[in-house]
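Everything on this sheet refers to the single structure shown next.
The values are calculated or read from the model by the stated rules, or taken from the named source; none is laboratory data. These numbers were taken from a predicted model, which means no experiment stands behind them. Reconstructed Cβ throughout: ideal geometry from the backbone, glycine too, with neighbour counts over all protein chains shown. Please note that ligands, DNA and RNA were not included when accessible areas were found on the heavy atoms of the full protein model with its side chains. Shrake-Rupley method; radii C 1.70, N 1.55, O 1.52, S 1.80 Å.
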Amino acid sequence: MSSERPRRGPGGPRGMMPGEKPKDFKGTLLRLLSYLGAHKVALVLVLVFAIGSTVFNIVGPKVLSEATTLLFEGIVAKVAGTGLINFEAIGFVLACTLGLYALSAGCSFVQSWLMSGISQRTCYRLRQDIDAKINRMPYGYFERTKLGDTLSRMTNDVDTLGQSLNQGVTQLVTSLTTVVGVVVMMLSINVPMTLITLLMVPVSLVLICVVVKRSQRYFREQQKKLGEVNALVEETFSGHTVVRAFGQEEATVSSFKKVNDGLYEAGWKAQFLSSLMQPVMGFVGNLGYVAVAVVGSLFAVQGIITVGDIQAFIQYVKNFTQPLTQLAQVSNTLQQMAAALERIFDFLDEDEESSSVLSEGGQQADCPLGELPCDIEFDHVSFGYDPDSPVIKDFSAKVSEGQTVALVGPTGAGKTTMVKLLMRFYEVNGGSIRLGGHDLREFPRADVRGQFGMVLQDTWLFSGTVRENIRYGRLDASDAEVERAARDAFAHHFITTLPGGYDFVINEDASNISQGQRQLLTIARAILADRRMLILDEATSSVDTRTEERIQQAMDNLMSGRTSFVIAHRLSTIRSADLILVLQEGDIVEQGTHDELLAQGGFYANLYESQFEQVPE
C-alpha cells in the first residue's frame, strides 16, 4: 500500500557540497529530453503556439506605428489647412492591431495549457520512477541515508522541476523568438539604429555569464540544504515524544536553527544574485533608449524616418531588452531545474538490489521455491556490514521442516543479522544459506521473502482502518477471514471496543492505540498471511503477561507444522522450541532444547537463571 511509512536510518544527505558545480549540466538536460520524448506532438504544438504568440505580438507595434503616422500627418495637414485626420484609416489600423494582440493572447493561452500538462505529466512519471526505485533499493541504503533527504527528492526537487519546466521552456522559446523577431523588425525600420541597439547584447551577455557562474553553486546548495531541513523535521516529529520526554526541545531548536540558517544563506545568495539581472538589464536597456531617442530625433529631422517608426522602434527596443532579461532569468531557472534534476537522477542511478546473486558458474533453480521442503541449512555463513568487521564469522546450523528454532544471545550477537540474511536483505560474504538443498541466491528475492511471515518488535502500521492494516498480510482476504485472524491473535475483543470496530482509523504514527494493541494487529496480519515459514522477533515483548500467554498459545498454533525462527530475550517464551541456538559474537556457542541446555549448565543456563534470580534486599 502507498501509505507505508518508511524508517529512518543513520547517515546524511548525499547532495552536492557547497560551491561545487553541476557534474553534467548538459547531460542532465539531455536526459530530461528522454522524459519529454513521450510528449513530442504536444511539445511541437507548444513551440508552434509560442512562436505564433510571439510573432503576432512583435508585428503589433509595426502595424500600430501606421496609426501613429496617420494621426501625426493628419494633425500636421489640419494645422497647415491642407487636409483632415483620416479617422477611418486609423480605426482600421487599430482594429487590425487589436486582432493581432488577441491572436497573440489566444496562442499564449493554448501553449500555457499544453505546457502545464507536459510538465505535470513529466513530474508524475518521475515520482512514479522514484517510488518504484525505492522498492528496488537495497536494504542498506535506507540504513545509511536520511529519510527526509529521499522525501525531498520526491517532493521538493520534483516540484522545482515542474515549476521550472512549465515556466522556463515556454519563456525560453518566446524570448528567443522575440529577440530574433524584434531584430528583424528593427532592421526593416532603420539599420543604423538597430546596430546601436545590438551593442547592448555583448554587454548583456557578459553580465549574464558573470551572474550565472556565481549563482549556480548556490542553487545546488539550496536544494541540498532543503533536503537537510526535511530530514531533520521528519526525524524530530517522528520522535517528538522522545524529544519532549528527555527535555531536548532547546537542542532540537538549536539543530534546526543551524540547518535553517544554512538554507537561508544559500537561498539568499541564490535569489539575490539571480535578482540582480533585472536592475542591471534595466540599466542597459535605458542606455539603449537614450541612444535610440537621440539618433532617432536626428533622423526624423532629416526626414530619414517617420514619427510612427520612431515610436515603433522605441517600443521594439523595450521588447528587445525585456526578452534579454527573461533569458537571464531563464538561465537561473534552468540552473535550479538542473540542480533538482541531478539530485533526482542521482537517486535513480543508485545501485539496485539484484533479483538474484549467483556465484560464478551458477544458475537459477529450475524448480519453484514453493514446492521445496522448508528445511534450512546455514553452511559456514560469514557476513559483515563492513567486510573488514565481520558480525557473523562462521555460522553453521541445520533446521528441519516444521521445527521451531529460537535464536538467543546478548545484544549484538548477530540474531537479527541472521534473519536479514535469511530474508536476503543482505547477501552473505561467505558460505551459503540453503532451502530444500538449494542456495537462496538461486531464487528471486521476492520469491524468498514470499515464503516468510514476519512479526517484529518494532510494530509498523499505516494510516488506515484496522481492517486494512490486518488485510495487508493478504490483500484478497475477505472480511470474515480478517476477523478470524484477529480472533486467533486475541485482538478481536479490543477491536470491538474501539469506535467503529474494524473500521476504526489508525492515525499516522498509530499513537491512538497502545503499543500492545499494535503488536496484536501485526500478529493478526501474520496469521492472515499464512506463510510457510515464520520469523518472530520479540513478538510478545510489548504486551502484558496474561496477553503474552494467550498470544503464545496462538503463536504455537500458528507455528505448528511451519518452520519458524524466533528471536527472544525473554527466555520463558521459547522453552517449547525444538532447537535453541545460542549466539555469541556471531558464532553458535551452544545448541539444543531448553532442558538440554539447562542440563549443560553453560552460557544459556546462566542467561536463563539470571532472568529469574532474586534480587537481595
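Report yes if Glu88 is surrounded by 13 or more Cβ atoms within 10 Å (Cβ to Cβ) and assigned to a helix (DSSP H, G or I), otherwise no.
no
If a residue must be in contact with a helix residue (DSSP H, G or I) (Cβ under 7 Å, 6 or more places away or on another chain) and either on the phi > 0 side of the Ramachandran plot or β-branched (Val, Ile, Thr) (or both), how many such residues does the range 422-457 contain? Residues meeting the conditions: 5. Checked against (1) open to solvent by 40 Å² or more (accessible area, probe 1.4 Å); (2) in contact (Cβ under 8 Å) with a residue 60 or more places away in the chain; (3) not aliphatic (A, V, I, L, M), Ser297 passes all but condition (2). Residue count for the range 475-510 satisfying the condition of being free of Cβ contacts under 8 Å to residues at least 60 places away in the same chain and assigned to a loop (DSSP other than H, G, I, E, B): 12. Restricting the range 151-163 to residues that are of a type in the set (Ser, Thr, Tyr) and open to solvent by 10 Å² or more (accessible area, probe 1.4 Å), which is nearest to Arg125 (Cα to Cα)? So, considering only residues that are of a type in the set (Ser, Thr, Tyr) and open to solvent by 10 Å² or more (accessible area, probe 1.4 Å), the one nearest to Arg125 (Cα to Cα) is Thr155. Whenever a residue of the range 73-100 is free of Cβ contacts under 8 Å to residues at least 12 places away in the same chain, its partners that are outside any helix (DSSP H, G or I) and loosely packed, with under 15 Cβ neighbours inside 10 Å, lying with C-beta atoms within less than 9 angstrom and at least six residues away or across chains, give the pairs Glu73/Gly83; Val76/Thr82; Val76/Gly83; Ala77/Gly83; Ala77/Leu84; Lys78/Leu84.
Okay, residues lined up against (1) more than 23 Å from Asp476 (Cα to Cα); (2) modelled with pLDDT under 70:
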position	(1), (2)
Ser514	yes, no
Leu520	no, no
Arg525	no, no
Asp530	no, no
Thr540	yes, yes
Ala568	yes, no
Leu571	yes, no
Ser576	yes, no
Leu579	yes, no
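Only one of the listed residues (Val233, Val317, Val242) is without any contact (Cβ under 8 Å) to a residue 24 or more places away in the chain, part of a helix (DSSP H, G or I) and not hydroxyl-bearing (Ser, Thr, Tyr). That residue is Val242. Among helices (runs of 4 or more DSSP H) entirely within the range 105-208, having at least 1 residues that are among the aliphatic types (A, V, I, L, M) singles out 147-152, 158-189, 191-198. Against the conditions (1) touching a residue at least 60 places away in the same chain (Cβ under 8 Å); (2) open to solvent by 40 Å² or more (accessible area, probe 1.4 Å), Phe462 satisfies every one except (2). Look at (1) closer than 30 Å to Ser382 by Cβ; (2) out of contact with any strand residue (DSSP E or B) (no Cβ under 7 Å at 6 or more places or on another chain); (3) surrounded by 15 or more Cβ atoms within 10 Å (Cβ to Cβ) and you find that Leu435 fails only one, number (2). Can Ala338 be described as farther than 21 Å from Pro202 by Cα, open to solvent by less than 60 Å² (accessible area, probe 1.4 Å), modelled with pLDDT of 75 or more and assigned to a helix (DSSP H, G or I)? Yes; evaluated as a whole, the condition is true for this residue. Restricting the range 40-56 to residues that are touching a Gly at 6+ places or on another chain (Cβ under 8 Å) and more than 13 Å from Phe109 (Cα to Cα), the residue that is surrounded by the most Cβ atoms within 10 Å (Cβ to Cβ) is Val55.
Entry remark, the range 237-256: residues being at pLDDT 75 or above and within 24 Å of the chain's Cα centre (by Cα) number 2 in total.
Residue-wise test of (1) in contact with a Leu (Cβ under 9 Å, 6 or more places away or on another chain); (2) farther than 30 Å from Arg449 by Cα; (3) open to solvent by 60 Å² or more (accessible area, probe 1.4 Å); (4) of a type in the set (Val, Ile, Thr).
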| position | (1), (2), (3), (4) |
| --- | --- |
| Leu94 | yes, yes, yes, no |
| Gly99 | no, yes, no, no |
| Gln111 | yes, yes, no, no |
| Ser116 | no, yes, no, no |
| Arg125 | no, no, yes, no |
| Ala132 | no, no, no, no |
| Thr145 | no, no, no, yes |
| Asp149 | no, no, no, no |
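Taking the criterion of being part of a helix (DSSP H, G or I) and modelled with pLDDT under 85, the residues of the range 581-609 that qualify are Leu607, Tyr608, Glu609. With respect to (1) part of a helix (DSSP H, G or I); (2) surrounded by 14 or more Cβ atoms within 10 Å (Cβ to Cβ), the lone exception for Val79 is condition (2). Gly285 meets the conditions (1) closer than 30 Å to Val158 by Cβ; (2) of a type in the set (Gly, Ala, Ser); (3) modelled with pLDDT under 80; (4) surrounded by 15 or more Cβ atoms within 10 Å (Cβ to Cβ) in every case but one. The failed one is (1). Within the range 302-317, being in contact with a helix residue (DSSP H, G or I) (Cβ under 7 Å, 6 or more places away or on another chain) and more than 12 Å from Ile58 (Cβ to Cβ) holds for Ile305, Thr306, Val307, Gly308, Asp309, Ile310, Gln311, Phe313, Ile314, Val317. Out of Pro373, Pro368, which single residue is modelled with pLDDT of 80 or more, open to solvent by 40 Å² or more (accessible area, probe 1.4 Å) and of a type outside the set (D, E, K, R)? Criteria check complete, one pass: Pro373. Of the listed requirements (1) touching a residue at least 60 places away in the same chain (Cβ under 8 Å); (2) exposed (fewer than 15 other Cβ atoms within 10 Å of the Cβ); (3) among the β-branched types (Val, Ile, Thr), Ile523 misses just one: (2). Looking across the range 276-314, the residues that are touching a Leu at 6+ places or on another chain (Cβ under 9 Å) and outside any helix (DSSP H, G or I) come down to Leu276, Ile304.
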